[in-house]
Structure formats: structure tokens, C-alpha cells
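*Asks:* One structure, as C-alpha cells, below. Some questions next.
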Amino acid sequence: MDQEPAVRTEALTRVFEPKKKKEGSTVRALESVDLRIEQGELFGILGPNGAGKTTLLKILSTLLLPTSGKAYVAGLDVETQFNAVRQRINMVSGGEISGYGLLTVKENLWMFSQFYGIKSKVALQRIDDMLGEFGLLDKKDAKVRTLSTGQRQKMNVIRGFVTDPDIIFLDEPTLGLDVNASRVIRTYILDWLKDHPKKTVVLTTHYMAEADELCDRIAIIDNGRILACDSPERLKKMVRMNTTLSMDVTRLKDTAVFKTFPGVESFTFTEDGEKGLTKLRFVMRDESGVSDIVSAVLGQGSRIESLQKTEPTLEDVFIKMVGKGLE
Ligand SMILES: Nc1ncnc2c1ncn2[C@@H]1O[C@H](COP(=O)(O)OP(=O)(O)OP(=O)(O)O)[C@@H](O)[C@H]1O
Ligand SMILES: [Mg+2]
């Protein structure tokens, strides 16, 4: 038998009805979402504001009920087996104001660990280790209300991992954090999965580079629907975008020949007399012609001084699918 996926949804739908008619119209926050996330995956959910990302994570972490359809976490039904689900998961939202301001960082984290029945000694050790890794050790005995936004968010992320969940849901874990703090969190996530290959991370993010760097697979969601779900590499390949190829070569005898090469959409060149270089620029319909171009250049006895290829980014994929950028 296949191993149980970490997450499985079937036609998962969530509708929000306005309390009063005049307060707006019905929102279909999730529309027939079918998703399967395997154990051990680092899975990203990418979508614009209002796409349904938080709604999806809330249903998977048993904070919100589906309107229709099914969601299973670790093989358990989130509607009927929510207690068992809760023992296996944790969920953290970026920018959330959680924790008790009057307790210290350590007291807060310890308290959350006790909700999950983690042995006190084990919890305290984990808390110390994680505070160290997150550069927060000097804030251990500080009251939570004195923390900066970023420090508080780091504490929230620690709270998520300190209970050692099988599956962790992170809703925009690096939202608003500076470059360093974001990197600390990303590195922690990757190391955690490396140390625990059966555990699963499901995160939402607005940052393309983050999704690209971290995730094994990404679901692109808009208006409550999954538009695509694949590895970052395959997503980028799905969008057939023009590749541009720029090459600096020692002076060429015949440039006209490149105009008619297969796959070349347009070709321009400039001579850099001072350096004795010809600068070639190709817009390619696909990449298959690149090696022919390279051989032709070398065949004329020219040397390639530099070669640069620009490929589509995840942002290009996203814009193509959703029709607008993030932010
Ligand atoms: N409690 C609620 N009552 C009514 N509508 C809601 C509620 N929660 C979410 N919605 C609506 O559902 C849709 C999806 O919201 P959701 O918070 O899941 O989006 P999101 O993808 O997380 O967006 P963001 O990137 O802004 O966090 C939105 O149109 C939102 O207004
Ligand atoms: Mg959200």
C-alpha cells in the first residue's frame, strides 16, 4: 500500500456567506480543491491576496470547517478526527500576535509545549536550542510585549516547531522580516526536514524567490482554485517563454548566417572595436538552437568570452497563470 499522504483534499470547498445581505456577497474562498502532499515534502502555496491560502491552511489545521468536500491530514479527517489531527500538527501565522505579553519568551514557549504534552525537560532543551539558532537567546527572559515585530515572529515560528509536529503549516512565516531573519527561518525549515525526512512542511508565501529556493512543489492558487501544482523547475518549463542568449565573442567573420538559425526569433549584434569583440544577442523561441549557435561561432575560429542565458522566473509563471504580479 502507498504511504498515507501528509495532506489530501477532495473537492474541498469553503464558502463565506455575509452575515447581512448588504454587507457584501458570498465569497467562494476555496473551490473544489484537490491536493495531495506527500510526507517529507516542503510544499508551497503561492497566490495573490485573497486567493484562499490562509483559508486552506486553517481548514487543514482544524481551525475552520469545510463547506463541502473532504480534507485529510495524516490520513485523518479534519472534520471528524480533529483531535487526532491536532496532536500531529502545528500552525504558525506570520504577523500573528500570539503569546502572552506578560510572560517571558521562555515561559510562553514552555507553556505552548505543555499544551502538547511535551516532557518539560525535553521542551526546555528544545527551547534553548531553538532560541540559540534563531539568535534570540538574549531575549529568553524578556517579556514578550517588549519584543520587536521580527523577534516576536521568530518566537512564533519556534512555538510551531517546539512541539515537534509531524506536519507543520506556516502561513507566510517570513512576512515582513528582514533578510537575515528570513534566512534564519528558511535555513531552519530546510535543516529540520533534513533531520526528519518523514516530516512535512506546508507554507504559504508571497515571495517568489523563497518559494523557488525552498519548495519541492508549489501550488499556484487564485480565486480559490489551484491553477497549477508542480516543482518550481517544471512550472518554469510549462511557461514557454523566450530565452535570451547574449554572447561576447572574439571578432566574427560572418554574422549574417545566424539570422536563419533554427529557433532564432531575432538576432542583433554590435561590434566592440576597442576590445575586438562582437556582442551577439539572440531571442530564442526555445533552447534547442543554442548548441548550434555555439558550434557555429567556434567553427568560425572565434572564442566565446562570455555567455549569458536568461530563463523564465517563477514570477513569469505566476503572472502568466494569475494575470497579475504579487504585491
Ligand atoms: N471569516 C471570513 N469571513 C468572510 N470572508 C472571508 C473570511 N475569511 C476569508 N474570507 C474571504 O475569503 C477569501 C480568501 O481569503 P484568504 O484569507 O484565504 O486569502 P489569502 O490567500 O490568505 O490572502 P492573503 O495573501 O491576503 O493572506 C477572501 O476573499 C476573503 O475576503
Ligand atoms: Mg493569508
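The values are calculated or read from the model by the stated rules, or taken from the named source; none is laboratory data. No experiment lies behind these values; they were computed from the predicted model shown. Reconstructed Cβ throughout: ideal geometry from the backbone, glycine too, with neighbour counts over all protein chains shown. Remember, those area values only see protein heavy atoms, side chains included, never the ligands or the DNA or RNA. Shrake-Rupley method; radii C 1.70, N 1.55, O 1.52, S 1.80 Å.
*Asks:* Rounded to the nearest angstrom and ordered from largest down, what semi-axes does the equivalent ellipsoid of segment 41-156 get from its C-alpha gyration tensor (root of 5λ)?
*Replies:* 29, 18, 12
*Asks:* Just how much of E17 is accessible, in Å², when a 1.4 Å probe is used and the result is rounded to the nearest 10?
*Replies:* Surface accessible to solvent at E17 totals approximately 130 Å².
*Asks:* While we're here: Would you kindly work out the equivalent ellipsoid of segment 170-254 from its C-alpha gyration tensor and give its semi-axes, the square roots of five times the eigenvalues, largest first in whole Å?
*Replies:* The three semi-axes for segment 170-254 are 33, 19, 14 Å.
*Asks:* Next question, about the same structure. Take the alpha-carbon centre of segment 107-167, take the same for segment 1-59, and report the distance between them in whole Å.
*Replies:* Cα centroid to Cα centroid, the span is 28 Å.
*Asks:* Another one. When only alpha-carbon atoms are used, what values of Rg and Dmax, in angstrom, describe segment 243-310?
*Replies:* 10.9, 33
*Asks:* Mind listing the phi-derived Karplus ³J(HN,Hα) values for segment 293-298, rounded to whole Hz, using 6.51, -1.76 and 1.60 with θ = phi - 60°, and x for any glycine or proline?
*Replies:* Couplings: 4, 4, 5, 5, 4, 5 Hz.
*Asks:* Count the net charge of all other residues whose Cβ sits under 12 Å from the Cβ of S148, scoring Lys and Arg as +1 and Asp and Glu as -1.
*Replies:* For residues surrounding S148, the net value is +3.
*Asks:* Here's another thing I want to ask about it. Loop sites only, by DSSP: take the chymotrypsin sites (Phe, Trp or Tyr not before Pro) in the chain that have at most 14 other C-beta atoms within 10 Å and name the longest stretch containing none of them.
*Replies:* 117-327
*Asks:* For the chain, which whole-number percentage of the solvent-accessible area (1.4 Å probe, protein heavy atoms only) is attributable to carbon and sulfur atoms?
*Replies:* So the carbon and sulfur contribution to the accessible surface is 50 percent.
*Asks:* Over the chain, what number does the Rg to Rh ratio reach, with both radii from the alpha-carbon atoms and Rh per Kirkwood?
*Replies:* My calculation of the ratio gives 1.11.
*Asks:* Residues with beta-carbon under 9 Å from that of G52, excluding G52: net charge, scoring Lys, Arg +1 and Asp, Glu -1?
*Replies:* Surrounding charge for G52 is +2.
*Asks:* Run the reach check for K106 against lysines, Cα to Cα strictly under 21 Å, same-chain hits fewer than 8 apart removed. What comes back?
*Replies:* Output for K106: K119, K121, K139, K140, K143, K154.
*Asks:* Kindly provide log₁₀ I(q)/I(0) values, in the same order as q = 0.09, 0.11, 0.13 Å⁻¹, from the Debye equation applied to equal alpha-carbon scatterers of segment 202-327.
*Replies:* At q = 0.09, 0.11, 0.13 Å⁻¹ the computed log10 ratios are -0.37, -0.52, -0.65.
*Asks:* Could you sort S302, S25 by accessible area so the largest value comes first, with the probe set to 1.4 Å?
*Replies:* Greatest to least solvent exposure: S25, S302.
*Asks:* Any idea how many Lys pairs in segment 243-310 come in under 17 angstrom at the alpha carbon, given 8 or more places apart or on separate chains?
*Replies:* Counting lysine pairs in segment 243-310 gives 4.
*Asks:* Quick one: how many Å² of T244 are accessible to a 1.4 Å probe, rounded to 10?
*Replies:* About 30 Å², rounded to the nearest 10.
*Asks:* What residue among K236, K58, K19 shows peak mean-square fluctuation when the chain is described by a Gaussian network model with Cα springs under 10 Å?
*Replies:* K19
*Asks:* Let me ask something additional. All other residues with a Cβ under 14 Å from the Cβ of L190 taken together, and with Lys, Arg as +1 and Asp, Glu as -1, what is their net charge?
*Replies:* Cβ neighbours under 14 Å give a net charge of -4.
*Asks:* Leaving ligands, DNA and RNA out of it, work out the accessible area of R285 with a 1.4 Å probe and give it in Å² to the nearest 10.
*Replies:* R285 exposes around 120 Å² with every protein chain in place.
*Asks:* At 222 nm, what value in deg cm²/dmol follows for the chain if DSSP H runs of at least 4 each add -39500 (n - 2.57) and the sum is divided by all its residues, to the nearest 500?
*Replies:* -9500 deg cm²/dmol
*Asks:* What do you get for Rg/Rh of segment 209-268 when both radii come from the Cα atoms and Rh is the Kirkwood radius?
*Replies:* Looking at segment 209-268, the ratio lands at 1.22.
*Asks:* Hey, could you pull the Cα Rg and Dmax for segment 1-86, both in Å?
*Replies:* Rg, Dmax (Cα atoms, Å): 13.9, 52.
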